[in-house]
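Input: a single structure, listed below in structure tokens.
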Amino acid sequence: MADDNIKQSYNRSAERMEGAQANSTLGSQLTQNDYNDPTMNEDYFNDKNIDYNTIDKLPEVMNEVHKWQREHISKGDQTKEGYPLNVIIDPAMREMYQVVNKAGITNVFDRFSQQQPIQCKFCIEGLSCQLCANGPCRISSKTPRGTCGVDAHTMVARNFMYRHVTIGTSANVFHAHQAARTLRAAGEHPESGLKIRDPEKLKKFADMAGLDANKDINQVAVDFANWVIGDIHSEYHIQSKAVEAFAPTKRKELWKKLGLFPGGAYSEVAYAQTTCMTNFRSDPVEFLLNSVRLGIANEYQGLFLLDIIQEMLMGTQRIEMKQQNMGLLKEDMINVITNGHMPLLAHIAIDLASTDEWQQKAKDAGASGLQILGHVCEGQQILNYSGTQNQKGYGGQEGEWLSEEYLLATGVVDLFMFDYNCTVPTLPLYAKQFGTKLLSTHPVIKLQGTETLDFIPEKMKEQAEKALDMAITSYKKRKASSIKVYIPQYKSDCMVGFSTESVKEALGGSFKPLIEQIVNGNIRGIATMVGCTTARYGQGGSNIFKITKGLIENNILVLSGGCTSSVMEYTGLTNPNAADEAGEGLKTVCKQLGIPPVLSYGACVDIGKMTQTAMEIADELNVDTDKLPIVIGAPEYLEQKAVADACTAVALGWLVHIAPVPSITGSDVVVKTLTETTESLGLGKVVVEMDAEKTIEIYKEHIEKKRKELGI
């Protein structure tokens, strides 16, 4: 068949599938300018005028910026009108959005507005299915079943597990697997540049796993890595060794009773996805309970393991004062951004960049030096780890995922290296226009027209050298070009490095002082603000900020993780001075300890560390985790890992607040199960609420309920 006939056949078939005789498919109406491949879309920037001179700016003094942020959210006008500047409270992002928007360049906030008229109500409620060739099917009062016969309850529950929980769990477990590979390489290949920076932590958890921790430390690393990898790869019907070793005893008993104790995580995901096949399973409650089971694997074979292994390699978190935002970029320096969630190659690059040899290479290229800055969750981890945060080649933390395109638009990012996830697909266009070299450091993520390194821990030093050479070459091209540049001069001072170990150390080696403050009422309870930021109306970081402000004013200590940590940093809430904004009880505690009312635990994956902290507090009180006066909040969740993390929290018996509303409202059975039935089984439950003031009240009421149950 000739190529023309193949194309015509495709169009005819697509029109038939649509059930209409259209003139052409939607895809055929797109132009070259609608694609992200820079080799295909060569003319995208031809009519774009980049102007850095017509920006409405905020004061450069951060105290004045913080004052403006508080006045801004108090207006309560973070709605569609005035969007998106009415929701963007990061001062640097505000400036760069104006540059990009006025030039007519595609960007995340403008794309959100463009999508609103065509977003599908069926998809929003979980009432659409594309699993078989009879679809897509959508359920309504006139069509209450899909072609196969599936009803609304099954469709919603199946979508919830298949589209969100299995993907989120597999992503976190894959991350843990890669971390374990790297730990093994550190033990077997010292020439890789990898080091075991926290051998005591390695010994502690190897011992808990039942391994011989008295061997040579390199052999302990190999043994523990193999133990982790073996457990992840074990069969789903064989109970997980990691869950048995690290989960709370009382919870394990409940999970076994309910049939929720997981086996090997990869096999669990495969089993769960198999049940999602068309005409396999039709009980919606089974899908939801299976999601909780995946949530347990997500924590103990994913989040928890990847956290402790990365700290073995990069050093346990340490409390320090650091800086965040775009003002850390330097026009006369080689600026490298490391983005994603897995800083395994990045920390070796920072080691190299901190040497006199590589700083001299930068100077030989005409730069004043070389700095590596973190972005999104990878940056939050590097900001917190004791092995990276004070090195000469480290420059600080940039921002949240929403700022990615605007960051490249400064024109001074020489290398943007990324693993996974949260690297947006439009970056190849931005990179071409603004002179940035893109480099994927793991084959799991690939962008058009972008070089990808294989992930080989045994050759990590060699790969890091290659990355830094690319950065130097890119800098030379930037200086030889006529590209215009602009750096917003905002920088926030923030206290970072909080973790189970560092908090306990600050309290004198025990959680008893913290528990005493909870018992006497100075601290009413603890809330986590974790996860992402979204581009939605009323959000964009502003919702996180409003909720957090309300919580600390009511003497609720907040732990942050993920892109929410960037929000806390650029609004000043992670600065010890923010203690003055807390209620009298919390203020007293913060002043006494010299800490802020918001403790940044780092990345979204550091939720695993928050869970460890909660477990140790529960052990100190001799209660199950569901008895604690805590709430887990993801007030601007974005993607699948956050939903898997919510299932982890449900498994541990906690109230989980999620906004925006996940795709479950199409089934009252699913809603009732997640918001009521799970709690009756001894598990946690989910609450969805978009309004900040109502959210604060929900958190307060739940914490007071738990205090009453504890008798405090």
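Observations on the model:
- Every residue from the stretch 125-179 that is in contact with a Leu (Cβ under 6 Å, 6 or more places away or on another chain) and among the hydroxyl-bearing types (S, T, Y): T169
- Qualifying residue in the stretch 636-655 (condition: within 19 Å of I523 (Cβ to Cβ) and touching a helix residue (DSSP H, G or I) at 6+ places or on another chain (Cβ under 8 Å)): yes
- So E462, is it in a helix (DSSP H, G or I), within 27 Å of T355 (Cβ to Cβ), modelled with pLDDT of 95 or more and not small (G, A, S): yes
- Cβ-Cβ contacts under 6 Å between residues 6 or more apart (or on different chains), taken from a first residue in the stretch 551-565 that is under 8 Å from V530 (Cα atoms) to a second residue that is part of a loop (DSSP other than H, G, I, E, B) and of a type in the set (V, I, T), are listed as C563/T533.
- Single residue of the stretch 239-296 satisfying the filter (farther than 24 Å from V228 by Cβ and among the β-branched types (V, I, T)) that is modelled with the lowest pLDDT: T278
- For the stretch 603-624, the criterion of a residue being crowded, with 24+ Cβ neighbours inside 10 Å and more than 24 Å from H702 (Cα to Cα) is satisfied by at least one position.
- All positions within the stretch 586-634 that are in a loop (DSSP other than H, G, I, E, B) and of a type outside the set (D, E, K, R): G594, I595, P596, P597, A603, N622, V623, L628, P629
- Scanning the stretch 68-84 for residues that are of a type in the set (K, R) and touching a residue at least 60 places away in the same chain (Cβ under 8 Å) returns R70, K80.
- Residue in the stretch 167-178 that is among the hydroxyl-bearing types (S, T, Y) and buried (at least 24 other Cβ atoms within 10 Å of the Cβ) present: yes
- The residues in the stretch 544-580 that are acidic (D, E) and under 22 Å from E320 (Cβ atoms) can be counted, and the count is 2.
- Residues of the stretch 474-499 that are more than 26 Å from the chain's Cα centre (by Cα), of a type outside the set (A, V, I, L, M) and outside any helix (DSSP H, G or I): S481, S482, K484, Y486.
- Top-ranked residue in the stretch 332-347 [being under 22 Å from T500 (Cα atoms) and part of a loop (DSSP other than H, G, I, E, B); ranked as nearest to the chain's Cα centre (by Cα)]: H341
- Selected residue (only one of G633, G594 is out of contact with any Pro (no Cβ under 9 Å at 6 or more places or on another chain), at pLDDT 95 or above, of a type in the set (G, A, S) and in the same structural domain as V519 (by TED's automatic domain parsing)): G633
- Filter result for T166 (among the hydroxyl-bearing types (S, T, Y) and under 30 Å from L628 (Cα atoms)): yes
- Only one entry of F304, F261, F280 meets the criterion of being under 26 Å from L681 (Cα atoms), crowded, with 24+ Cβ neighbours inside 10 Å and outside the structural domain of V669 (by TED's automatic domain parsing), and that entry is F304.
- Exclusive hit being surrounded by fewer than 16 Cβ atoms within 10 Å (Cβ to Cβ), assigned by TED's automatic domain parsing to the domain that holds I523 and either among the β-branched types (V, I, T) or at pLDDT below 95 (or both), set E676, E639: E676
- Selection within the stretch 188-209 - outside any loop (DSSP other than H, G, I, E, B), under 23 Å from F246 (Cα atoms) and not acidic (D, E): P199, K201, L202, K203, K204, F205, A206, M208
- Verdict on S502 being surrounded by fewer than 24 Cβ atoms within 10 Å (Cβ to Cβ), assigned to a helix (DSSP H, G or I) and polar (S, T, N, Q): yes
- Qualifying residue in the stretch 251-265 (condition: among the acidic types (D, E) and within 19 Å of A644 (Cα to Cα)): no
- Test result for A659, in contact with a Gly (Cβ under 7 Å, 6 or more places away or on another chain) and either without any contact (Cβ under 8 Å) to a residue 40 or more places away in the chain or within 28 Å of C129 (Cβ to Cβ) (or both): no
- Among the residues of the stretch 56-70, those identified as touching a helix residue (DSSP H, G or I) at 6+ places or on another chain (Cβ under 7 Å) and not in a helix (DSSP H, G or I) are D56, K57, L58, P59.
- Residue satisfying all of: in the stretch 98-120; part of a loop (DSSP other than H, G, I, E, B) and of a type in the set (S, T, N, Q); surrounded by the fewest Cβ atoms within 10 Å (Cβ to Cβ) among these: Q119
The values are calculated or read from the model by the stated rules, or taken from the named source; none is laboratory data. These numbers come from a predicted model, not from an experiment. Note: ideal-geometry Cβ built from the backbone for every residue, glycine included; neighbour counts use all protein chains shown.
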